[in-house]
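Worksheet: one structure, shown below.
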Amino acid sequence: MSIEKKYQKIKDSLPKDVTLVAVSKTKPIEDIEKLYAIGVRDFGENKVQELTEKAKQLPKDIRWHMIGHLQSNKVKYIANFVHLIHSADRQSLIKEINKRGEQEKRIIEVLIQVKIADEDSKFGMNFQKAEDWLRKLGNYPFVRPVGMMGMATNTDDDEKIQNEFAELRLFFEAQQKKYPQLKILSMGMSSDYEIALQEKANMLRVGSKIFGERNYDE
Ligand SMILES: *Cc1c(COP(=O)(O)O)cnc(C)c1O
């Protein structure tokens with residue numbers, strides 16, 4: 001099946017209010033162009049260098065999502081065009097995003113990445129830290145949290161995945177009552193997006209199920 005067909009098949013299965021981010025990391029420009037041609041505008045990358053290289057070569061109306069772990073010293077390379085940073089996972093990074101936003105005179109939208117998996121390799125704040133940060137929002141006028149992002153444990157145990165997504169959904173809904181600007185719940189990748197949908201994710205990040213397997217794994 002072509003990339004376009006694979007994308008369309010997933011897209012058609014989703015409720016209208018769910019945003020499907022096509023995760024194009026490691027994939028060539030031509031693959032992105034194929035989806036662009038059928039109207040897709042939301043693309044996700046996890047490395048700053050790859051993201052900036054691709055953005056330079058592709059149309060300016062693409063909405064670029066930075067979904068991977070972000071080093072503070074690289075924020076400056078994406079601050080003037082990135083659409084949404086999904087991986088705001090620590091205070092020091094948020095400070096840096098704020099600083100670069102101020103320089104660019106641009107409010108940068110971010111998702112608070114919350115750690116729900118029980119693997120050491122997954123980044124994210126715990127619930128307490130996320131709450132602390134939301135309380136201090138006023139200190140960072142050039143960073144605007146518009147939701148949360150979480151990655152479930154990489155396991156075949158669907159129930160465990162569902163429990164992790166549910167935990168984040170409940171936290172998200174509770175915070176949303178206090179901070180109505182929180183609108184996006186980014187959960188679910190190729191292997192678990194159907195479970196994420198059950199837990200009311202409204203933004204999915206799908207790579208290999210659209211573009212095919214990657215040659216090296218992130
Ligand atoms: C690579 C990646 C994805 C997409 O993974 P697939 O399994 O290929 O769908 C989603 N989210 C993040 C943070 C990623 O790094």
- Message: Can you list residue pairs whose Cβ atoms sit under 6 Å apart, with the first residue in the range 86-101 being over 18 Å from residue 45 (Cα atoms) and more than 16 Å from the ligand (Cβ to nearest atom) and the second being of a type in the set (Gly, Ala, Ser) and not in a helix (DSSP H, G or I)? Count only pairs 6 or more apart in sequence or on different chains.
- Response: 94/88; 100/79
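Report yes if residue 210 is of a type outside the set (Asp, Glu), out of contact with any strand residue (DSSP E or B) (no Cβ under 8 Å at 6 or more places or on another chain) and surrounded by 19 or more Cβ atoms within 10 Å (Cβ to Cβ), otherwise no.
Values: of a type outside the set (Asp, Glu): yes; out of contact with any strand residue (DSSP E or B) (no Cβ under 8 Å at 6 or more places or on another chain): no; surrounded by 19 or more Cβ atoms within 10 Å (Cβ to Cβ): yes.
The answer is no for residue 210.
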- Task: Could you check residue 163 against (1) assigned to a strand (DSSP E or B); (2) away from the ligand (no atom under 14 Å from the Cβ) and say which number it fails?
- Result: (1)
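Just to verify a result, which residue in the range 42-83, among those that are more than 16 Å from the ligand (Cβ to nearest atom) and under 13 Å from residue 97 (Cα atoms), is surrounded by the fewest Cβ atoms within 10 Å (Cβ to Cβ)?
Of the residues in the range 42-83, the ones more than 16 Å from the ligand (Cβ to nearest atom) are 52-53, 55-62, 72-73, 75-77, 79-81.
If we keep only those that are under 13 Å from residue 97 (Cα atoms) as well, we get 72-73, 75-77, 79-81.
Details: 72: 15, 73: 9, 75: 23, 76: 15, 77: 15, 79: 20, 80: 13, 81: 16.
Here the answer is 73.
Considering the range 137-160 alone, what residues qualify as being in a loop (DSSP other than H, G, I, E, B), of a type outside the set (A, V, I, L, M, F, W, C) and more than 16 Å from the ligand (Cβ to nearest atom)?
Pass one, the range 137-160, residues in a loop (DSSP other than H, G, I, E, B): 140-142, 152-157.
Going one step further and asking which of them are of a type outside the set (A, V, I, L, M, F, W, C), we end up with 140-141, 153-157.
The answer is 140, 141, 157.
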- Message: I need the full set of residues from the range 174-195 which are assigned to a helix (DSSP H, G or I), touching a residue at least 12 places away in the same chain (Cβ under 8 Å) and exposed (fewer than 15 other Cβ atoms within 10 Å of the Cβ), in order please.
- Response: 178
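Scan the range 137-150 and give yes if some residue there is among the polar types (S, T, N, Q) and surrounded by 13 or more Cβ atoms within 10 Å (Cβ to Cβ), otherwise no.
To start, the set of residues in the range 137-150 that are among the polar types (S, T, N, Q) comprises 139.
Retained after the next criterion (residues that are surrounded by 13 or more Cβ atoms within 10 Å (Cβ to Cβ)): none.
Scanning the range 137-150 turns up no residue that is among the polar types (S, T, N, Q) and surrounded by 13 or more Cβ atoms within 10 Å (Cβ to Cβ).
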- Query: For residues in the range 9-41 being closer than 18 Å to residue 213 by Cβ and more than 15 Å from the ligand (Cβ to nearest atom), which is nearest to the chain's Cα centre (by Cα)?
  - Reply: 28
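FYI, it's all coordinate maths here, none of it is from the lab. None of the values given here were measured: they were computed from a predicted structure. Don't worry about glycine lacking a Cβ; one is built from the backbone with ideal geometry, like all the others, and counts go over all protein chains shown.
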